[in-house]
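Each remark here refers to the structure printed beneath this line.
The values are calculated or read from the model by the stated rules, or taken from the named source; none is laboratory data. Keep in mind that what you see is a predicted model, and the values were worked out from it rather than measured. As a convention, Cβ positions derive from the backbone with ideal geometry for all residues, glycine included, and neighbour counts pool all protein chains shown. We work out accessible area using only protein heavy atoms, side chains counted, and drop any ligands, DNA or RNA first. Shrake-Rupley method; radii C 1.70, N 1.55, O 1.52, S 1.80 Å.
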Amino acid sequence: MIHSKMMQSSVLQQSPACILQPSVPFATQPMLSSRCNRPRSTGIAASRHAKPWGPTHGPTSAWPCRRAVHVRPAHAYEEEGATTLPEMTGTRIVVITSGKGGVGKTTTSANLGMSIARLGYKVALIDADIGLRNLDLLLGLENRVMYTAIDILEGECRLDQALVRDKRWKNLSLLSMSRNRQRYNVTRRHMDELCSSLGALGYQFILIDCPAGIDVGFINAISPAKEALIVTTPEITSIRDADRVAGLLEANDIFDVKLLVNRVRPEMIEAKDMMSVKDVQEMLGIPLLGAIPEDPQVIVATNRGEPLVLQKKLSLSGIAYENSARRLVGKEDFFIDLGNPHKGVLQRLSEMFQ
């Protein structure tokens with residue numbers, strides 16, 4: 001049974017207040033506009049008979065293409081420790097959702113959270129899936145989870161006791177919702193109080209790994225968020241679920257919504273067997289944050305409990321996650337040309353004058 005509301009509130013308020021420094025405004029990208037103001041010319045059903053999914057509508061036509069130049073290998077950060085935090089006002093709470101399961105929400109949460117922490121920000125990751133938590137496995141923290149958010153609400157521990165700090169990057173912490181036990185009556189008010197307490201501890205980014213589906217777990221997870229990142233794949237079933245989730249986010253007053261297209265396969269796009277990133281973006285009418293190519297290293301990194309962005313030799317998907325994290329925090333970065341990511345200088349100059 002849950003303790004009284006006064007006990008829940010007092011436990012959450014034990015975290016000391018944190019005085020945040022005045023901020024330098026971060027860059028706001030022009031593409032991050034409200035989805036509801038963007039016209040939607042075609043629906044999902046009509047898109048089956050729309051323009052072909054060939055190379056002219058592939059990943060190279062949706063954005064300016066330049067190779068990533070801001071990415072540093074993981075070993076270059078080992079001695080830094082991220083002791084100086086970038087200045088910003090308040091706490092940005094971003095929910096990572098999709099509606100459909102298996103599209104890469106947890107992988108995206110782990111890699112974006114780690115990348116933002118490497119940029120120097122203080123980041124908290126919340127695994128909001130009460131019954132099936134996996135975020136601790138991807139971060140290699142499964143053996144260190146002693147308390148969860150359920151224990152906080154029951155008054156068995158404090159918030160700082162339930163937070164698991166990453167040993168590689170001290171400014172990254174994980175808060176799990178459950179220890180794989182039965183469902184618990186977590187409410188929207190509980191989620192709001194947890195995020196408020198994390199903000200009081202000085203966390204600048206709170207990323208919520210939303211459970212699959214659109215039931216009560218989804219509603220609770222999106223409750224404290226002001227921003228949302230929808231993860232989808234270039235499949236018609238995943239896109240329809242993403243479109244449904246986008247409508248629910250708007251109904252809950254979350255209008256700052258971004259899109260991340262995962263598991264993109266350029267060779268299938270060229271063979272007209274898969275929708276391009278541009279096609280997916282036009283169907284959903286959501287500003288694009290990034291596109292992640294299909295990569296077998298995802299399985300290797302998951303089994304090792306190490307995010308892709310920490311590999312000493314970054315794969316193409318690791319670079320794409322790094323660049324997406326930089327755009328999420330407001331830094332300018334370029335999209336990767338998934339069709340030919342290793343273009344030389346002469347090849348790029350020749351394309352400019354064509």
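Per-structure values
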{"read-out": "Charge sum, other residues only, whose C-beta stays under 13 Å from Val329's C-beta, Lys/Arg counted +1 and Asp/Glu -1", "value": "+2"}
{"read-out": "Descending principal axes extents, segment 119-212, alpha-carbon based, whole Å", "value": "36, 27, 26"}
{"read-out": "Net +/- balance of residues flanking Ser223 in space, Cβ distance below 14 Å, scoring K and R +1, D and E -1", "value": "-2"}
{"read-out": "List Lys258, Lys167, ordered by accessible area with a 1.4 Å probe, largest first", "value": "Lys167, Lys258"}
{"read-out": "Cβ-placed point charges (K, R +1; D, E -1), dipole of segment 194-286 about Cα centre in debye, nearest 20", "value": "120 debye"}
{"read-out": "Efficiency of FRET between Asp160 and Leu137 - r from beta-carbon atoms, R0 25 angstrom, step 0.05", "value": "0.65"}
{"read-out": "Nearest-10 value in Å² for the accessible area of Leu288, using the 1.4 Å probe", "value": "0 Å²"}
{"read-out": "Computed over segment 211-305, Kirkwood Rh from alpha-carbon pairs, angstrom", "value": "14.5 Å"}
{"read-out": "Accessible area of Lys170 in the full protein assembly, 1.4 Å probe (Å², nearest 10)", "value": "110 Å²"}
